[in-house]
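Reading through the C-alpha cells given below for one structure.
Every read-out reported here was derived from the displayed coordinates using simple, explicitly stated rules and does not represent laboratory data. The structure displayed is predicted, hence computed values, not measured ones. Using ideal geometry, Cβ is built from the backbone for each residue, glycine included, and neighbour counts are taken over all protein chains shown.
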C-alpha cells in the first residue's frame, strides 16, 4: 500500500514532530531527515563538526551528515549519506540557481521554497516517480531555479526541458494572495506551483514517449495544438463558461498540457493530504446512500475509487474546520466526473510506471 506522508516522532522522547522539524520542541535534540528510512533521526553534535548520525547496520557503519544548507543557513533538515561527492542533500543539490542570500528577504523566501520542494520530493519518491538530477542526466534530468525578478527583468514561473523556474516573490504570502485575486484563482501556494510545474516534467517522462498518447488525447485533448495561440486566447477571452463541468480548474482549460499539469498537481494534493490525515488517525466518515447512514472506513489510496471517496470526506472536514475558524475553505474545488476521469488516468499512469520499475523474480 502506498505510504506518502507519515506521523513523525522523536526517538529520544517520543514528542510528535512535523516533516519540516529541525529540532525537538520537548527535549531540544537536533533532527535530520533520513531519506532511506523515510524518517526523522536524532543527530549528535560536536564542536567544529556538522551534526551527524552514526549507526551500525548489518555489521557496517552508516554515517549521515547534515546538509551544508542546514549548517550554514538553517535552511534544510535532510541528511547526506557518507561518503559523498557533495555537501548538499538530494533536495538542495537540485537547486541550480538560488537568489542573492545577502538580502534578508531572499533568505526568508528561499527557505520557504526549499521547504516546499522537499515536501514535493518526498511525495514523488513515495510514488516511485524518477527524480534524477540534471547533473547526472543533462537531457532528461531535473533542476530548479529560484529567481528574484525586477521590473526590467521579470521572472516567469514555468518548466522547460526539466528545468523548473519559480519566481521568488511567490514565497511572499501578500504578493501571492494579490496575484491569486488578480487572476481569479481559487488556490495559489508555492507547493501548488511546484506540483504543477513538475506535472509538465512528468508529461515528458510518462506521456510524450507515445505509449499513452492516444489515451491521453481522448481525455485531455490534442497536445499538438498551438500553445502560444491557446495562451493568448485564454488571457483575452478567459475560460469557457461551463469549464467546471469538464476541468479541475479554469487554467486547465487553456491547453491540454496545462490540463495535465493541473490534474497532476491535484492528484499530488489528494494523495498527500489523505495519507497525512490517516497518519494522524483521522477517521474517514462517508454517507452510505443505500442505508442513509454514515459509515467509517479505512481508505486504500492504491484504489482510485476509494481514494476519491476518502478525499471527499477529508476535505469536507477540512472545510468545516476552516469555516469554524473564520478562514476560507482549505479545499475550494469541486471535482466533476470528467475531471475525476482525468485524475484516474494520472493515478493509473503513475501506478503502471511504479509496477514497471519493481524488480521481478
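Numbers at a glance
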read-out: Peptides 132-138, 222-228, 20-26 ordered by average Cβ neighbours within 10 Å, highest first; value: 20-26, 132-138, 222-228
read-out: Diffusion coefficient, µm² s⁻¹, Stokes-Einstein with Kirkwood Rh over alpha-carbon pairs of the chain at 25 °C and 0.890 mPa s; value: 110 µm²/s
read-out: R0 of 30 Å, Cβ-Cβ distance residue 174-residue 71: FRET efficiency to nearest 0.05; value: 0.45
read-out: Nitroxide proxy distance, nm - points 7 Å out along Cα→Cβ at residue 54 and residue 87; value: 2.0 nm
read-out: Theoretical gain in end-to-end length, residue 131 to residue 12 [0.36 nm per residue, Cα-Cα removed]; value: 39.6 nm
read-out: Prolate/oblate/rounded call for region 116-170, Cα gyration tensor, a/c under 1.5 rounded; value: oblate
read-out: Residue exposure sequence - 276, 150, 349 - by fewest surrounding Cβ within 10 Å; value: 150, 276, 349
read-out: In nm, spacing of pseudo-spin labels at residue 183 and residue 100 (7 Å Cα→C-beta vector); value: 2.6 nm
read-out: Computed E for residue 336/residue 152 - FRET, C-beta separation, R0 45 angstrom, nearest 0.05; value: 0.60
read-out: Cα-based Rg / Dmax (Å) for region 169-247; value: 15.3, 43
read-out: FRET efficiency estimate (nearest 0.05) - Cβ-Cβ, residue 63 to residue 227, R0 35 angstrom; value: 0.15
read-out: Extension gain (nm, one decimal) between residue 20 and residue 319, 0.36 nm per residue minus Cα-Cα; value: 105.3 nm
